[in-house]
Amino acid sequence: MAPTIQAGQAYGFFTDTSVCIGCKACEVACKEWNQLQGNSPAFLADSFDNTGSLDAQNWRHVKFVEHVPDAPSTQGNGTAWLLMSDVCKHCKQASCMEVCPTGAIIRTEFDTVFIQQDVCNGCRNCVAACPYGVIGMNQQTGTAHKCTLCYDRLQGGLEPACAKACPTQSIQFGPLAELQKAADVRLAALHTQGQAQAQLYGRDDSVYGGLNAFFLLMDKPETYGLPNKDNAKLPSRNNAGGYVGAALAAALAVVGGLVAFRRRVTG
Amino acid sequence: MDYLAAEHFVRAPQWTWYILFYFFFAGLAGGSYVVSTLLRLSGDPRDEPAARIGFYVSFFATLICPILLTADLAASWTRFWHMLVNVTPGDTSLSFKYWSPMSVGAWALLVFGFFATVSAIDARIRVIPMFLDRVFNVVGAILGLFIASYTGVLLSVSNQPVWSDTWALGGLFLASGLSGSAALMALLVRNRPDAAFSLGRMHQADGYFSALELALMIVFFVTVGAAGLLDRELVWLPLWAIAVAGVAASLVEARGHMRIRASGEAATIAGVRLDTLVVSVLVLLGILALRAAVIFSAQ
Amino acid sequence: MVSLAATFGRGAMTNHWRDIKNADLILINGANPAEAHPVGFQWFMRAKLDRGAKIIHADPRFTRTSAVADMYLRIRTGSDVAYFGGLINHVLQNNLFHNEYVKNYTNASFIVKDEFAFNDGLFSGYDATKRSYNIASWSYKTDPATGFAMRDKTLQDPHTVFQLMKQHYSRYTPEMVSSITGIPAADFQKVADLVGQMGKPDKVMTIVYAVGLTHHTTGGQLIRSGAVLQLLLGNMGRPGGGMNAERGHANIQGNTDHAISWEILPGYLRIPAPGQKNLNDYVAQSAPKKSDKNSWNFFGTNYRKFMVSTLKGWYGDAAKKDNEFAFDFVPKPAGNSSWMSIFDQALKGKMQGLILSGMTAASIGPDSNQVRDALGKLKWLVVMDALPTTSSEFWHAPGVDPASIKTEVFMVPTTHWIEKDGSFVNSGRWSQWKDQVLPPQGQARHDHWILADVFQRVKNLYQSQGGKFPDPIMAMTFDYKNATRPELDEIAKEVNGKDLTTGKQMASFALLKDDGTTTCGDWIYTGSYTEAGNLMKRRQGVQDVKANDPTGMGFFSNWAWSWPLNRRVMYNRASADLDGKPWDPTRPGITWNGSKWVGDVPDYPATMDPHDPKAWLPFIMNGEGVGRLFSSGMVDGPFPEHYEPVESPVQNPLHPANSASPVAFLYDKAAGRPDRFGTAKEFPYIATSYRLTEHEHYVTQHVPHLVQLQPKPFVEIPQELASEKGIKSGDQVRVFSKRGKVEVLAVVTKRLGAMTVAGQKVYQIGIPIHWGYVGVSADGDPSKGRYWLANALTPFVGDANARTPEFKAFLVNLEKM
Ligand SMILES: Nc1nc2c(c(=O)[nH]1)N[C@H]1C(S)=C(S)[C@@H](COP(=O)(O)OP(=O)(O)OC[C@H]3O[C@@H](n4cnc5c(=O)[nH]c(N)nc54)[C@H](O)[C@@H]3O)O[C@H]1N2
Ligand SMILES: Nc1nc2c(c(=O)[nH]1)N[C@H]1C(S)=C(S)[C@@H](COP(=O)(O)OP(=O)(O)OC[C@H]3O[C@@H](n4cnc5c(=O)[nH]c(N)nc54)[C@H](O)[C@@H]3O)O[C@H]1N2
Ligand code: SF4
Ligand code: SF4
Ligand code: SF4
Ligand code: SF4
Ligand code: SF4
Ligand SMILES: [Mo]
């Protein structure tokens, strides 16, 4: 049963990779609802993934990471064939939003990160900034596209299409606080079952101040193509360094110029 | 799919030719304004013609910049002005984010454009009152320094590999921009009896700028190396070679001019005109190659 | 389905999807529910997440089901009888079976005729020339006085089913299981230990399977071996238990109930056989016989009523007492008319024409090149479909010269099921009424309108021109508002049947009569559309769980309607002990409250006191009244026995002399066509074929969003084998069998791997079925999908009981292109 959705509350996703069956219903549901035609068919020879990456046409992307051991019998439990439905993380500290010069990227009344299509002017600064490679450019409109966290559906009181389509509740949608509780319970359960490597990603503020769309992973973040907390940095970290470097260079250059041009008495 | 090797998982922004040339012209626009200003500040009255040429260069280079930037927006080019005005329905306002180099840069370009234009006009028919023009040039030059350097900072303020792993890009682009400006001005003054006087000084300045550029290149490689991304640069070795050639050329050329006494005698100058052409072209190619190498090494 | 009927009395999933959440242990064999039944799979995950149930998946490939299973076992295709046989042996040797249940609710105590024997892979009564069994000896010793079967409740008599069985499965030691299945003995022991605990009354296990067991020449026995294990563990009839067949198409269960297969009439009544002169002969030869004094033998007792009411429903006034209710109007086929037999006949040039409705023969049948030849031998072919199929386009398939095809092909555009209302019957036997979602497009017409129209025209021709034996056509009742455009609602009403004296809808099949005063279209659906209206439309579900599912067992009795009589778990009398108390109070099926049975709708007389000495036994559909560990309902053996697939790289370790099923039906041989089976020498690799979650057979080749997800045909190749052959993912490879070849892309993976079978190293490769020469991918490919049909490889051979093709186990060779 979908929760009743009100503005002013923080919503998000808890995506539990340990129960994902890689059915891609989320990918398709997203395309259907958002009328994305998807990429033209291409065989990627990468396990069962033929979508490749999140981009303007794919706002959900199920990753297939094969770590099946050689033994003829093994456990599954999301550890041998790692299936993960990736999506915009709706970061609390959003790199994309930070660098966007036009103010096109906003936080909605549901605490989600949303790109206003009528404001975006296609500069692609957000693309360069998003540490998760989420944003893609739509050639027709010349604007940046990504998961809207079904802004339109939330406004209409409906849960996001992808979460609704997910048969295993690998994608759970709801108020952030509730999701975080659910995640802690699930993690504890996995740990008691001896799945020591199970970990939450983005549930606390260790990456980008916390992710509204956070994950339960069965392996290191890097394994799923996610920056670990040492790699997860904001673009603005380089403002100071960059400008100081430039200022130093400027000072030296000015001196150099003055020296080169200094008046000489000719005799 | 196995990601374990990777460290950055970001998508490339596809900033290619338009942006490359924007960075190139921004360097020349800011650079030549600065050079001209410095000429006026510490130069000889005989440097004035060269200074004026510099302001013209700056003006024309500045004209090209917004065209390239707008072209880069492709389908949504009509919205170039959204850089300055936030049109979010409900709260439309001016858009300025000091922490976003692109936002700051957009404003800087606008303001600098004003200075470049006025200075160019002023170079033809004096419009700025005597007592003001030095101040005016200095302010413009500071903006010029920003225009020539912020593009490097803009790249760093991202999560792209290489770009975001070094703090040297702003300085590198500035030094190379100045070097390129000096070289270009040398090229333009070399056959003008009235301006040729400054030729040697241009080469000398270019020498200093190139030395600085070389130093920053080393810093760049050290920082990128520290991030373990040197391999991404090796692919672009040819471009780096061209960049280094430019630097080397201007250094050699500068050494030559240190020895010549700048007396303005035609004879002494005559000898170096051909190599000015060669050197300046090498330098300009070099700074273009440098920018290309940096831009493409991330994407 | 045959094997479930032969064991429990009815051929369908015994429990239902939602019930899987009640299990402690879930064995998945021959199924890939995460991919083939993703929505139903939510209940597996609920069991795992909410009650800590363990999921054990045995499959030749590590699939998306394995990805979330607690234990994955790489098993050799076609070897599950050994897997279950080993578990049966473990349970018997260590007395882990549910003693009270086995004694009272199964035929363990029944005594089998002395003549019954099993030697070197053959049961008594085998006729090598006919390749079939005379099953006379596969029956019980009867007490001359009562005529009932003799029993020994102590289970000591060496001829009891129990003792025979114990002896039969003693050969299935962990080592033998390992040598047949390829599962290391240690890993098998882990499974045995878990399964061994499921005989405790407070534990319950479910076995889930689908066509990974069915698509074998041993399919029937593969399934029965699981059913036998479940009876021994006392898991039948209980919430969280059962032998659960996941069915195919959204309404394949409905198709089966309404007699999609040739050998039955609606409601699993047998098709009359030649020589049956009247209803008495028919009932005598078709109905189960009561073989225990406490057996209700409900089916057998009422068989005549169901048949008469059906005839009455079909032929109305023309069905009278004095003409045996028009029994003779029903055809009595002499030959077999299963799927393959039809195309076998066509190949022999014995068929004029064929109507394919919602089925694309050219893609789906074994040995598709031969099937294509068969289509080419028809005078005419009608394809009723919403979209072009390989069958409607076969005459100009890539590599085919249209001039060489004489068949006249008619494409009749029908509406797709999404464009009509009507009922879907899911695997759990829930008949759920649905609405039309989209309006029909173009000239498309509903199937039932097309058929009704054709029928009226044929009738008119008979009327105007006469003809041989027009009576069945003339007499056929057809009283719909519009004779060429019947409403599905009208048909549903008719299927339920009515009382001709009162004109009212029948409330239950228990009230059907054999005197011609009641009608039905399919007796098991009598009760679905009563005076109360269309019960299949009911929707009292999760909006109020407390009220709609009081027991918490997920019955939701007022959600839609399930046959029989809205029972959600079949044979639920067996969920309670002899006193009528649930084996596990936390998971009650039905409970005797002193005056009546409460909980689920009882599969039993609602007020029959369990303490009454005359109380019926729990399996009311069986003549014995109990579940059959030993069954004469199968033509290939009363106890499941492991046989090799017809194409296998090894000899059967149990009895090399009789390696494969001695009764599998070899069509080509029987028809005198050249042998088309390959040997392990030419074709060293085992192949199996299957589905991907991204596609629905061949039809989704028309759906761009789904084609993007799996754009190109491929085969899954074990990494070790691939490196031997220098094959990388994305390479073009050729896979070929004795029948034909496919040229597709390679997906190299560790999800498949080598295994040791009968001391020999074997590889299995996987072949998804979804591609052919019609659809988006084919159109976009230079080859136009010429060598994309998986079935070009599969053998034209059938299982002895249902003539199911061996899609899941055959030999191929592999090369890089
Ligand atoms: N997405 C999707 N879902 C579908 C369909 C579809 O086309 N697409 N089709 C529907 C239909 S009609 C049907 S019948 C069902 C079929 O549902 P399933 O039977 O689950 O589907 P399959 O993929 O044919 O086979 C299941 C598994 O059996 C394994 N297998 C093969 N041989 C053996 C064996 O001998 N032993 C064991 N233990 N495993 C074996 C295969 O590797 C495969 O993983 O799916 C239905 N659902
Ligand atoms: N090698 C191999 N072969 C197999 C299998 C395997 O596992 N391996 N699986 C077998 C199994 S279990 C099955 S069920 C078959 C599946 O074989 P099919 O059922 O023939 O495959 P579908 O593509 O589902 O074909 C259904 C057709 O019905 C059409 N259709 C849909 N709705 C309607 C309707 O309302 N009316 C009409 N007239 N048409 C409609 C669709 O357009 C589609 O063309 O394949 C079998 N073949
Ligand atoms: S994931 Fe990327 S696009 Fe989404 S909010 Fe974070 S930075 Fe922005
Ligand atoms: S592309 Fe659009 S959203 Fe992205 S930074 Fe530029 S203006 Fe903002
Ligand atoms: S929330 Fe909506 S937009 Fe975002 S991925 Fe899910 S369906 Fe797509
Ligand atoms: S729908 Fe759910 S289970 Fe299926 S791929 Fe997406 S997240 Fe995984
Ligand atoms: S396709 Fe239909 S029937 Fe199959 S799982 Fe999805 S919803 Fe269920
Ligand atoms: Mo099926």
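The values are calculated or read from the model by the stated rules, or taken from the named source; none is laboratory data. Since the structure is predicted, the reported quantities are computational estimates derived from the model, not experimental observations. Glycine gets a Cβ as well: all are built from the backbone with ideal geometry, and neighbour counts include every protein chain shown. Protein only, heavy atoms only, side chains kept; ligands, DNA and RNA dropped before computing areas. Shrake-Rupley method; radii C 1.70, N 1.55, O 1.52, S 1.80 Å.
Key figures for this structure:
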item	result
Verdict on A:Q140 being more than 16 Å from ligand 2 (Cβ to nearest atom) and modelled with pLDDT of 95 or more	no
Sole exception among (1) facing another protein chain (nearest Cβ under 9 Å); (2) in a helix (DSSP H, G or I) for B:G140, by number	(1)
Filtered residue count, the range C:109-121, keeping only those that are in a strand (DSSP E or B) and buried (at least 18 other Cβ atoms within 10 Å of the Cβ)	3
Helices (runs of 4 or more DSSP H) wholly inside the range A:90-180 containing at least 3 residues that are facing chain B (nearest Cβ under 10 Å)	A:95-99, A:125-129
Elements of type helices (runs of 4 or more DSSP H) in the range C:412-504, at least 1 residues being over 34 Å from the mean Cα position of the chain (by Cα) and away from ligand 4 (no atom under 16 Å from the Cβ)	C:447-465, C:471-475
Candidate set from the range C:105-124 (those that are of a type in the set (S, T, Y) and in contact with a Leu (Cβ under 9 Å, 6 or more places away or on another chain)); member that is nearest to C:D157 (Cα to Cα)	C:S109
Among (1) among the hydrophobic types (A, V, I, L, M, F, W, C); (2) free of Cβ contacts under 8 Å to residues at least 24 places away in the same chain; (3) under 27 Å from C:P656 (Cα atoms), the one test that C:A128 misses	(2)
Some residue of the range C:679-691 being away from every other protein chain (no Cβ under 13 Å), more than 15 Å from C:N791 (Cβ to Cβ) and without any contact (Cβ under 8 Å) to a residue 24 or more places away in the chain	yes
Every residue from the range C:29-47 that is in contact with a helix residue (DSSP H, G or I) (Cβ under 8 Å, 6 or more places away or on another chain) and of a type in the set (A, V, I, L, M)	C:A31, C:A34, C:M45, C:A47
Which listed residue, of C:A58, C:A5, C:A47, is within 16 Å of ligand 1 (Cβ to nearest atom) and not polar (S, T, N, Q)	C:A58
First in the range C:32-48 and more than 17 Å from C:G242 (Cα to Cα), second anywhere and open to solvent by 30 Å² or more (accessible area, probe 1.4 Å) and away from ligand 2 (no atom under 16 Å from the Cβ), Cβ under 6 Å, 6 or more apart	C:R46/C:K21
Subset tally (residues that are touching a helix residue (DSSP H, G or I) at 6+ places or on another chain (Cβ under 6 Å) and more than 14 Å from C:K738 (Cβ to Cβ)) for the range C:672-694	4
Enumeration of residues in the range A:70-104 that are among the β-branched types (V, I, T) and open to solvent by 10 Å² or more (accessible area, probe 1.4 Å)	A:T74, A:T79
Residues satisfying the stated conditions in the range C:84-108, i.e. open to solvent by 10 Å² or more (accessible area, probe 1.4 Å) and assigned to a helix (DSSP H, G or I)	C:N89, C:H90, C:Q93, C:N99, C:E100, C:K103, C:N104
Subset of the range A:1-52 that is among the charged types (D, E, K, R) and more than 15 Å from A:C166 (Cβ to Cβ) - its residue that is nearest to ligand 7 (Cβ to nearest atom)	A:D49
Any hit, the range C:290-301, residues being free of Cβ contacts under 8 Å to residues at least 40 places away in the same chain and over 22 Å from the mean Cα position of the chain (by Cα)	yes
Selected residue [more than 16 Å from ligand 2 (Cβ to nearest atom), in contact with a strand residue (DSSP E or B) (Cβ under 6 Å, 6 or more places away or on another chain) and over 18 Å from A:D219 (Cα atoms)] from A:K63, A:K24	A:K24
Residue count, the range B:82-132 (criterion: more than 12 Å from every other protein chain (Cβ to nearest Cβ), without any contact (Cβ under 8 Å) to a residue 40 or more places away in the chain and within 23 Å of the chain's Cα centre (by Cα))	5
Verdict on C:G428 being touching a strand residue (DSSP E or B) at 6+ places or on another chain (Cβ under 7 Å) and open to solvent by less than 10 Å² (accessible area, probe 1.4 Å)	yes
Near pairs, Cβ below 9 angstrom, 6+ apart or cross-chain, from the range A:19-43 (in contact (Cβ under 8 Å) with a residue 24 or more places away in the chain and closer than 30 Å to C:D50 by Cβ) to any residue that is open to solvent by less than 40 Å² (accessible area, probe 1.4 Å) and of a type in the set (F, W, Y)	A:I21/C:F41; A:G22/A:F48; A:G22/A:F64; A:G22/A:W81; A:C23/C:F41; A:K24/A:F48; A:E27/A:W59; A:C30/A:W59
Residues within the range C:47-73 that are within 9 Å of another protein chain (Cβ to nearest Cβ) and open to solvent by 10 Å² or more (accessible area, probe 1.4 Å), tallied	5
Residue among A:L187, A:L252 that alone is facing chain B (nearest Cβ under 8 Å), surrounded by 17 or more Cβ atoms within 10 Å (Cβ to Cβ) and part of a helix (DSSP H, G or I)	A:L252
Total residues in the range A:65-89, condition in a strand (DSSP E or B), touching a residue at least 40 places away in the same chain (Cβ under 8 Å) and either more than 16 Å from ligand 6 (Cβ to nearest atom) or facing chain C (nearest Cβ under 9 Å) (or both)	3
Helices (runs of 4 or more DSSP H) wholly inside the range C:647-739 that include at least 1 residues being closer than 30 Å to C:T360 by Cβ, open to solvent by 40 Å² or more (accessible area, probe 1.4 Å) and modelled with pLDDT of 95 or more	C:704-709
The one condition in (1) of a type in the set (A, V, I, L, M, F, W, C); (2) more than 8 Å from every other protein chain (Cβ to nearest Cβ); (3) surrounded by 18 or more Cβ atoms within 10 Å (Cβ to Cβ); (4) part of a loop (DSSP other than H, G, I, E, B) that B:F55 fails to fulfil	(4)
Breaking point among (1) at the interface with chain A (Cβ under 8 Å from one of its Cβ atoms); (2) over 30 Å from B:F131 (Cβ atoms); (3) open to solvent by less than 50 Å² (accessible area, probe 1.4 Å), for B:Y22	(1)
Yes/no for C:W296 being assigned to a helix (DSSP H, G or I) and either aromatic (F, W, Y) or at pLDDT below 95 (or both)	no
Check on A:G202, of a type outside the set (K, R) and more than 10 Å from chain B (Cβ to nearest Cβ)	yes
